[in-house]
Amino acid sequence: MTQKFGGAWTLIKLKILSKYLNFYTTALKNQFLNLCYIDAFAGCGEVNIQGSGVPGSALLALDYDFDKFIFIENDPKYVELLQQRIGEHPSGDKAIIYQDDCNDRLKSICSSPWLRKNWRGLIFLDPYALQVKWQSLGEIAKTKIFDVWYLFPLMALNRLLRRDKKISESHRSIINNVLGTDDWDKEIYRLSPQLTFWGEEYEKKSIEAMKQYILKRLQSVFPFVSPHALTLRSERTNTPLFLFCFADK
């Protein structure tokens, strides 16, 4: 069994992550006693890309010289498959799998006493939709231990943002949790230049403006956020799907 969600953008994401894993472990292995990799949406370990199964982020990470691997996955079927695949890997004995909500488990990890004992780490956030709460990013940043790669779900957010700004309270609550503020509409919307019979009308700003706002929000909690976040698009429609962001302690 493989996860069927993926495309050419998945391969780009995994290639970038793999290069950084190599750089990270090579650069830091002799500086710190312990290195930890955390995958907050570990999946089943394999992704189906155009009919072929390729190793997902969790299995890729096992090829690099970390001292501890923590995999978080909420789907019990995926957890079972991931356990089988990790068990077959030479580094599998250094891995821990938690069947849990990512936000609950990240909060627990970030407050763990063992992290203070000369650990440094890398966290990969690859949500299926809008599951990562802003509070979790804040908990990660406070540790001053982790680098973070965050595949921000740009399309999922954009779907909740109605063109006319008339967004339901339930959707507003979701967006508030993801962006960590309730005044995001001031940055994402603008008054329409068109006058209407009903008075003032609003319209969404561009995807590029939304991208810059997301980076601005990340900069409010992390000391460094790369300004060169990559927009990953659908190969079929060219629709922006994700924003691949990097943040550093």
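The values are calculated or read from the model by the stated rules, or taken from the named source; none is laboratory data. Note that the structure is predicted; figures quoted are calculated from it, not measured. FYI the Cβ positions are ideal-geometry reconstructions off the backbone, even for glycines, and counts take in every protein chain you see.
Of the residues Cys110, Cys102, which is at negative phi and within 12 Å of the chain's Cα centre (by Cα)? Show your work before the answer.
Numbers: Cys110 fails: within 12 Å of the chain's Cα centre (by Cα).
Of Cys110, Cys102, the one residue that is at negative phi and within 12 Å of the chain's Cα centre (by Cα) is Cys102.
Taking Thr10, is it surrounded by fewer than 19 Cβ atoms within 10 Å (Cβ to Cβ) and among the hydroxyl-bearing types (Ser, Thr, Tyr)? Steps first, answer last, please.
Values: surrounded by fewer than 19 Cβ atoms within 10 Å (Cβ to Cβ): no; among the hydroxyl-bearing types (Ser, Thr, Tyr): yes.
Against the criterion (surrounded by fewer than 19 Cβ atoms within 10 Å (Cβ to Cβ) and among the hydroxyl-bearing types (Ser, Thr, Tyr)), Thr10 does not qualify.
So which residues in the range 164-180 are modelled with pLDDT under 95 and either touching a Phe, Trp or Tyr at 6+ places or on another chain (Cβ under 8 Å) or within 21 Å of Thr231 (Cα to Cα) (or both), if there are any at all?
Across the range 164-180, the qualifying residues are Asp164, Lys165.
So in the range 192-210, with the set limited to residues that are in contact with a Phe, Trp or Tyr (Cβ under 9 Å, 6 or more places away or on another chain) and not in a loop (DSSP other than H, G, I, E, B), which one is modelled with the highest pLDDT? Give the derivation first.
Let us first name the residues in the range 192-210 that are in contact with a Phe, Trp or Tyr (Cβ under 9 Å, 6 or more places away or on another chain), namely 192, 202-205.
Cutting the leftovers down to not in a loop (DSSP other than H, G, I, E, B) gives us 202-204.
On the way: Tyr202: 83, Glu203: 86, Lys204: 90.
Top of the filtered list is Lys204.
Consider the range 211-249. How many of its residues are assigned to a strand (DSSP E or B) and in contact (Cβ under 8 Å) with a residue 60 or more places away in the chain? Please lay out each step first, then the result.
First, the residues of the range 211-249 that are assigned to a strand (DSSP E or B): 224-225, 230-233, 240-248.
From what is left, the residues that are in contact (Cβ under 8 Å) with a residue 60 or more places away in the chain are 230-233, 240-248.
Qualifying residue count, the range 211-249: 13.
Quick one: count up the residues across the range 132-154 that are in a helix (DSSP H, G or I) and aromatic (Phe, Trp, Tyr).
Keep residues of the range 132-154 that are in a helix (DSSP H, G or I), which gives 134-143, 154.
Right, trim to aromatic (Phe, Trp, Tyr) and you get 134.
Residues meeting the conditions: 1.
Filter the range 35-54 down to the residues that are in a strand (DSSP E or B) and modelled with pLDDT under 95, then identify the one that is surrounded by the fewest Cβ atoms within 10 Å (Cβ to Cβ).
If we filter the range 35-54 for residues that are in a strand (DSSP E or B), which is where we start, we get 35-39, 46-49, 52-54.
This time we only want the ones that are modelled with pLDDT under 95, so: 46-49, 52-54.
Details: Glu46: 20, Val47: 23, Asn48: 15, Ile49: 18, Ser52: 9, Gly53: 14, Val54: 16.
Per the stated criteria, the residue is Ser52.
Return yes or no: is Asp93 acidic (Asp, Glu) and closer than 25 Å to Cys245 by Cα? Spell out how you get there, then give the answer.
Working: acidic (Asp, Glu): yes; closer than 25 Å to Cys245 by Cα: no.
Taking the combined requirement at face value, the residue does not satisfy it.
What number of residues in the range 18-34 are surrounded by fewer than 20 Cβ atoms within 10 Å (Cβ to Cβ), among the aliphatic types (A, V, I, L, M) and either modelled with pLDDT of 90 or more or part of a helix (DSSP H, G or I) (or both)?
Looking only at that region, the number is 2.
Given the conditions (1) touching a strand residue (DSSP E or B) at 6+ places or on another chain (Cβ under 6 Å); (2) over 24 Å from Val221 (Cβ atoms); (3) hydroxyl-bearing (Ser, Thr, Tyr), which single one is not true for Tyr37?
Condition (2) is where Tyr37 drops out.
So, of the residues in the range 155-170 that are at negative phi and assigned to a loop (DSSP other than H, G, I, E, B), which turns out to be surrounded by the fewest Cβ atoms within 10 Å (Cβ to Cβ)? Steps first, please.
Filtering the range 155-170 down to residues at negative phi leaves 155-164, 166-170.
This time we only want the ones that are assigned to a loop (DSSP other than H, G, I, E, B), so: 161-164, 166-168.
Numbers: Leu161: 17, Arg162: 13, Arg163: 11, Asp164: 11, Lys166: 7, Ile167: 16, Ser168: 10.
That would be Lys166.
For the condition at pLDDT 95 or above, crowded, with 18+ Cβ neighbours inside 10 Å and among the hydroxyl-bearing types (Ser, Thr, Tyr), what is the one hit in Ser136, Ser226? Break it down into steps so the answer makes sense when it comes.
Details: Ser226 fails: crowded, with 18+ Cβ neighbours inside 10 Å.
Sole residue among the options that is at pLDDT 95 or above, crowded, with 18+ Cβ neighbours inside 10 Å and among the hydroxyl-bearing types (Ser, Thr, Tyr): Ser136.
So in the range 40-66, with the set limited to residues that are in contact with a strand residue (DSSP E or B) (Cβ under 7 Å, 6 or more places away or on another chain) and of a type in the set (S, T, N, Q), which one is nearest to Gln83 (Cα to Cα)?
Ser57
For the range 176-190, which positions are crowded, with 16+ Cβ neighbours inside 10 Å and among the hydroxyl-bearing types (Ser, Thr, Tyr)?
Within the range 176-190, Tyr189 is the sole residue that qualifies.
Consider only pairs whose beta carbons are under 8 Å apart and that are at least six residues apart or on different chains; among these, list those whose first residue lies in the range 26-41 and is more than 18 Å from Leu115 (Cβ to Cβ) and whose second residue is of a type in the set (A, V, I, L, M).
Close Cβ pairs (under 8 Å, with a partner that is of a type in the set (A, V, I, L, M)) amount to Phe41/Ile72; Phe41/Leu125.
Look at Ser173 and say whether it is of a type in the set (Ser, Thr, Tyr), surrounded by 15 or more Cβ atoms within 10 Å (Cβ to Cβ) and outside any loop (DSSP other than H, G, I, E, B).
On the way: of a type in the set (Ser, Thr, Tyr): yes; surrounded by 15 or more Cβ atoms within 10 Å (Cβ to Cβ): no; outside any loop (DSSP other than H, G, I, E, B): yes.
Considered against the rule, which asks whether it is of a type in the set (Ser, Thr, Tyr), surrounded by 15 or more Cβ atoms within 10 Å (Cβ to Cβ) and outside any loop (DSSP other than H, G, I, E, B), Ser173 comes out as no.
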